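Notes follow the structure.
Where a number appears in this text, it was derived from the coordinates with a stated rule and is not lab data. It should be emphasised that the depicted structure is a prediction, and the values quoted were computed from it without experimental measurement. Ideal geometry is used to build each Cβ from the backbone, glycine not excepted, and the neighbour counts take in all protein chains shown.
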Amino acid sequence: MAALPGPLQPLWALAVAIAESAAEIATASALGSWRASAYLYAAADQAWGADGGGGPGGWRTDTTGSGGEFRFAVLLAEAATARFVAGDGYLSGRQLATDLRHGAAWLATGALLPQAAQRP
């Protein structure tokens, strides 16, 4: 992540942490869903704190700068993991967790950012 522009590094780190936390949740307990987003949102709710995602001060409804930045980090985590997850086609939380971890690792490389053109 060192190659990321300075202002993006905290958001990227948060997105990676959310994806990694989602993987831990998938490993430790079933949410009754095989959708990766359910685990990402559960991780985001835990990271946000007291109001989680849905309360009056939740990350989904907070209109302050920090709420918007947090939602952006959740979207980054979704985008990174979407490339690896198999939709709802999982037989175990462990299998889903592996794909979520792959998404987190890929995101940590800064791969979602456009790469500078290489000159010959």
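So here's what we get for this one:
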item	result
Protection proxy ranking of 8-14, 71-77, 37-43 - average other beta-carbon atoms within 10 Å, highest first	37-43, 71-77, 8-14
Full-extension gain in nm, A105 to F72, via 0.36 nm per residue minus C-alpha separation	10.1 nm
Estimated FRET transfer efficiency when R0 is 22 angstrom, pair L8-S92 (beta carbons, to 0.05)	0.05
Hz values of 3J(HN,Hα) by residue in segment 32-46 - Karplus curve (6.51, -1.76, 1.60), Gly and Pro given as x	x, 8, 9, 6, 4, 4, 4, 6, 5, 5, 5, 5, 5, 4, 5
